[in-house]
Amino acid sequence: MDVKIEESWKEVLKQEFKKPYFLQIATFLKTEKLAGKTIYPPGPLIFNAFNTTPFDNVKAVILGQDPYHGPGQAHGLSFSVQKGVPPPPSLINIFKELHEDTGVPIPNHGDLTHWAEQGVLLLNASLTVRMNEPMSHSKIGWADFTNAVIEKISAMKKNTVFLLWGKFAQEKQSLIDETRHLVLKAAHPSPFSANNGFFGCRHFSKTNEYLVKNGIDPIDWKL
């Protein structure tokens, strides 16, 4: 499978693309397409997070679980939706916390590309999903791939901030060398759990404090 992915990532992940699990992913996605299934995000956007945030630019990682599964929502960046699509509830809560934490005005759209362009890797643990079927591709091998991504960042970079929101994301903590990086944990921003510690976590200002302390340009969170 010829993966259209930004060059620095292609180099870092070249061994992964040759592994049996990755070939299984490719075969599975082809089979789904042949069966007439609608897959999100569209093919050219599956690796959008990597193409927008090259490996060398990664400063922070916001880990999501699964792409959005409604029409026009997912575009390959965790928690983000394309302009013109109403922000889903979790993203609305992210913007509320961002505003409370930093004073950044609540945006009138849900497209987080500006964050990604500055070095925030918006990584979902699964990179695809079947329309209207959440978690439908969570067992096809994507976790092996995205775990490898986290491990490579942990081993090959320094002073990256990992924002782990919710139990699922926090299960990835063991992949991260905390002597080299900062791990920030909070409840998931979904309406079911945001009041259990996502609101008030101040992760956006904490990220920038850590980056600045380590001589790295902070993120402009304003969209």
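The values are calculated or read from the model by the stated rules, or taken from the named source; none is laboratory data. On a predicted model such as this, the values are computed, not experimentally measured, just so you know. Reconstructed Cβ throughout: ideal geometry from the backbone, glycine too, with neighbour counts over all protein chains shown. All accessible areas refer to the heavy atoms of the entire protein, side chains included, with ligands and DNA or RNA removed. Shrake-Rupley method; radii C 1.70, N 1.55, O 1.52, S 1.80 Å.
Checking the structure you have, find out if any residue of segment 70-85 is in contact (Cβ under 8 Å) with a residue 24 or more places away in the chain, open to solvent by 10 Å² or more (accessible area, probe 1.4 Å) and not in a loop (DSSP other than H, G, I, E, B).
No, there is no match, as no residue in segment 70-85 is in contact (Cβ under 8 Å) with a residue 24 or more places away in the chain, open to solvent by 10 Å² or more (accessible area, probe 1.4 Å) and not in a loop (DSSP other than H, G, I, E, B).
Show me the helices (runs of 4 or more DSSP H) found entirely inside segment 111-223 where at least 1 residues are under 15 Å from the mean Cα position of the chain (by Cα) and of a type in the set (Ser, Thr, Tyr). Don't jump to the end; show me each part of the working.
Working: elements: 113-117, 142-156, 167-170, 203-213.
Per the criteria, 113-117, 142-156.
Could you tell me whether any residue of segment 157-172 is within 23 Å of PHE55 (Cβ to Cβ), open to solvent by 60 Å² or more (accessible area, probe 1.4 Å), among the polar types (S, T, N, Q) and out of contact with any Cys (no Cβ under 8 Å at 6 or more places or on another chain)?
no
What's the total number of residues in segment 36-69 that are of a type in the set (Val, Ile, Thr), closer than 15 Å to LEU122 by Cα and part of a loop (DSSP other than H, G, I, E, B)?
So the first thing to find is which residues in segment 36-69 are of a type in the set (Val, Ile, Thr), and the list is 38-39, 46, 52-53, 58, 61-62.
Adding the requirement that they be closer than 15 Å to LEU122 by Cα leaves 46, 52-53, 58, 61-62.
Among the residues that remain, those that are also part of a loop (DSSP other than H, G, I, E, B) are: 46, 53, 58.
So the count comes out to 3.
Hey, among the residues in segment 86-103 that are open to solvent by less than 20 Å² (accessible area, probe 1.4 Å) and either in a loop (DSSP other than H, G, I, E, B) or free of Cβ contacts under 8 Å to residues at least 24 places away in the same chain (or both), which one's farthest from LEU163 (Cα to Cα)?
PRO88
What's the total number of residues in segment 113-171 that are touching an Asp or Glu at 6+ places or on another chain (Cβ under 6 Å) and hydroxyl-bearing (Ser, Thr, Tyr)?
2
Among VAL12, VAL3, which is at pLDDT below 95 and open to solvent by less than 60 Å² (accessible area, probe 1.4 Å)?
VAL3
Looking at GLY72, is it over 15 Å from the mean Cα position of the chain (by Cα) and either over 29 Å from GLY200 (Cβ atoms) or polar (S, T, N, Q) (or both)? I'd like the intermediate steps shown before the answer.
Values: over 15 Å from the mean Cα position of the chain (by Cα): yes; either over 29 Å from GLY200 (Cβ atoms) or polar (S, T, N, Q) (or both): yes.
The answer is yes for GLY72.
Which residue is farthest from PHE162 (Cα to Cα), if the candidates are limited to segment 184-207 and must be free of Cβ contacts under 8 Å to residues at least 60 places away in the same chain and buried (at least 17 other Cβ atoms within 10 Å of the Cβ)? Talk me through it step by step, then tell me what you get.
First pass over segment 184-207, keeping only residues free of Cβ contacts under 8 Å to residues at least 60 places away in the same chain: 184-187, 192-193, 195-197, 206.
Within this subset, residues satisfying the condition of being buried (at least 17 other Cβ atoms within 10 Å of the Cβ) are 184, 186-187, 193.
Working: LEU184: 6, ALA186: 11, ALA187: 14, SER193: 20 Å.
Selected residue: SER193.
Would you please list the contacts, defined by Cβ atoms under 6 Å and residues six or more apart or on different chains, that run from a residue in segment 139-158 that is among the small types (Gly, Ala, Ser) to a residue that is open to solvent by 10 Å² or more (accessible area, probe 1.4 Å) and assigned to a helix (DSSP H, G or I)?
GLY141/TYR21; GLY141/GLN24; ALA148/GLU16
Scan segment 28-35 and give yes if some residue there is aliphatic (A, V, I, L, M), surrounded by fewer than 18 Cβ atoms within 10 Å (Cβ to Cβ), in a helix (DSSP H, G or I) and modelled with pLDDT of 95 or more, otherwise no.
The initial filter retains those residues of segment 28-35 that are aliphatic (A, V, I, L, M), namely 29, 34-35.
Those left that are additionally surrounded by fewer than 18 Cβ atoms within 10 Å (Cβ to Cβ): 34-35.
Filter once more, keeping what is in a helix (DSSP H, G or I): 34.
The next check asks that each one be modelled with pLDDT of 95 or more; those that pass are 34.
So far as segment 28-35 goes, yes, one or more of its residues are aliphatic (A, V, I, L, M), surrounded by fewer than 18 Cβ atoms within 10 Å (Cβ to Cβ), in a helix (DSSP H, G or I) and modelled with pLDDT of 95 or more.
Can LEU223 be described as touching a His at 6+ places or on another chain (Cβ under 6 Å) and of a type in the set (A, V, I, L, M)? Explain how you work it out, then say what you get.
On the way: touching a His at 6+ places or on another chain (Cβ under 6 Å): yes; of a type in the set (A, V, I, L, M): yes.
Spelling it out, LEU223 is indeed touching a His at 6+ places or on another chain (Cβ under 6 Å) and of a type in the set (A, V, I, L, M).
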